[in-house]
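Asker: Submitted below is the structure of interest, expressed as structure tokens.
The values are calculated or read from the model by the stated rules, or taken from the named source; none is laboratory data. Treat the numbers as computed from the prediction; the structure is a model and nothing was measured. Don't worry about glycine lacking a Cβ; one is built from the backbone with ideal geometry, like all the others, and counts go over all protein chains shown.
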Amino acid sequence: MKEIEIRIVNRQEDMPRAVGMISRFVAENELAPAMHHDLNVVVDEALNNIISHGYDTDAADEITIRLEHRQNKIVVQIEDGGRTFDPLQIASPDFDASLRTRKVGGLGVHFMRSLMDNLSYKRIDGKNRLELTKTILP
Amino acid sequence: MELIESQQAGVTIVEPQGRIDTIGAKPFGDRTVALINAGTHHLLIDLRQISYISSAGFRALLIAAKMMDRANGKLVLCGMSPEIKRLFEIGAFTNLFTICGTRDEGITKAT
């Protein structure tokens, strides 16, 4: 399997379907456990951002998740019809903060930046498209 | 999210199973907050059955650590996979938590 795509509704309760999709993709492409881990984290972060911040109302929408194995790269593409929301504009957390002042805001995007090799965001035809790429280590 | 709980040497041990992600963080966070509110001052969270933690899970851990700090108690983490340890490093959390390798070391630190 070089490519897999699913659509989930914009509700947290539907997010476990993405976990199942990642497991199938990892097994079919014989990817390493570390890649499996990183894909789980970044897809959870991306979907949580979209579902938590992407909608002004509780209107139903579909989020498309696509995983592709392109040569030596894994490409994750996530598309949603929520309001314009570029997660890459979110500032990183204050890493020097003490336990009492430390906040979690921005951590999800920081994980995405750190675990993947490339992140890009585009607004296309009224949709947000986030693309995350990671090279498969030999 | 299933949480296995036990007591050893006066330490409450919580061993969550599966994933502390957007979905799993809620029951995990609710339970740790409830334990600390109920007077648990020696808490060990054993992560050996956790495959990954996302930022929602780190939020729950941070809330528990702050509460325990205010209660003058001890919160210790153990059993992390190398991937989870890496997330603690990436997120600059290693200085904010007491992290042990094994459960036995964790119990000693949490006592």
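Asker: Being away from every other protein chain (no Cβ under 14 Å), out of contact with any strand residue (DSSP E or B) (no Cβ under 9 Å at 6 or more places or on another chain) and not β-branched (Val, Ile, Thr) is true for just one of B:Asn95, B:Asn37. Which residue is that? Steps first, answer last, please.
Answerer: Working: B:Asn95 fails: away from every other protein chain (no Cβ under 14 Å).
None of the other options fit; the residue is B:Asn37.
Asker: Does B:Ile13 meet the test of being within 23 Å of A:Gly105 (Cβ to Cβ), among the hydrophobic types (A, V, I, L, M, F, W, C), part of a strand (DSSP E or B) and modelled with pLDDT of 95 or more? Give the derivation first.
Answerer: On the way: within 23 Å of A:Gly105 (Cβ to Cβ): no; among the hydrophobic types (A, V, I, L, M, F, W, C): yes; part of a strand (DSSP E or B): yes; modelled with pLDDT of 95 or more: yes.
No; evaluated as a whole, the condition is false for this residue.
Asker: Further question on the same structure: Scanning for something part of a loop (DSSP other than H, G, I, E, B), under 16 Å from the mean Cα position of the chain (by Cα) and within 27 Å of A:Ser23 (Cα to Cα), does the stretch A:118-137 turn up at least one residue? Walk me through how you get there before you give the answer.
Answerer: So in the stretch A:118-137, the residues part of a loop (DSSP other than H, G, I, E, B) come out as A:125-126, A:136-137.
Subset that is under 16 Å from the mean Cα position of the chain (by Cα): none.
Within the stretch A:118-137, none of the residues are part of a loop (DSSP other than H, G, I, E, B), under 16 Å from the mean Cα position of the chain (by Cα) and within 27 Å of A:Ser23 (Cα to Cα).
Asker: Of B:Asp104, B:Asp69, which residue is more than 17 Å from B:Arg31 (Cβ to Cβ), facing chain A (nearest Cβ under 8 Å) and out of contact with any helix residue (DSSP H, G or I) (no Cβ under 7 Å at 6 or more places or on another chain)?
Answerer: Working: B:Asp104 fails: facing chain A (nearest Cβ under 8 Å).
Among B:Asp104, B:Asp69, only B:Asp69 is more than 17 Å from B:Arg31 (Cβ to Cβ), facing chain A (nearest Cβ under 8 Å) and out of contact with any helix residue (DSSP H, G or I) (no Cβ under 7 Å at 6 or more places or on another chain).
Asker: Grab the helices (runs of 4 or more DSSP H) fully contained in the stretch B:52-111, keeping just those with 2 or more residues being buried (at least 23 other Cβ atoms within 10 Å of the Cβ). So that I can check it myself, show each step before the final result.
Answerer: Numbers: elements: B:55-70, B:82-90, B:103-110.
Passing ranges, in order: B:55-70, B:103-110.
Asker: Test A:Lys122 against the criterion of being more than 30 Å from B:Ile63 (Cα to Cα), in contact with a helix residue (DSSP H, G or I) (Cβ under 9 Å, 6 or more places away or on another chain) and either without any contact (Cβ under 8 Å) to a residue 12 or more places away in the chain or within 14 Å of chain B (Cβ to nearest Cβ) (or both), and give yes or no. Step through it out loud before you land on a result.
Answerer: On the way: more than 30 Å from B:Ile63 (Cα to Cα): yes; in contact with a helix residue (DSSP H, G or I) (Cβ under 9 Å, 6 or more places away or on another chain): no; either without any contact (Cβ under 8 Å) to a residue 12 or more places away in the chain or within 14 Å of chain B (Cβ to nearest Cβ) (or both): yes.
When the stated conditions are applied, A:Lys122 does not pass them.
Asker: How many of the residues in the stretch A:1-16 are surrounded by 15 or more Cβ atoms within 10 Å (Cβ to Cβ) and within 14 Å of chain B (Cβ to nearest Cβ)?
Answerer: Step one: of the stretch A:1-16, the residues surrounded by 15 or more Cβ atoms within 10 Å (Cβ to Cβ) are A:4, A:6, A:8, A:10, A:12, A:14-16.
Still in the list and also within 14 Å of chain B (Cβ to nearest Cβ): A:8, A:10, A:12, A:14-16.
Looking only at that region, the number is 6.
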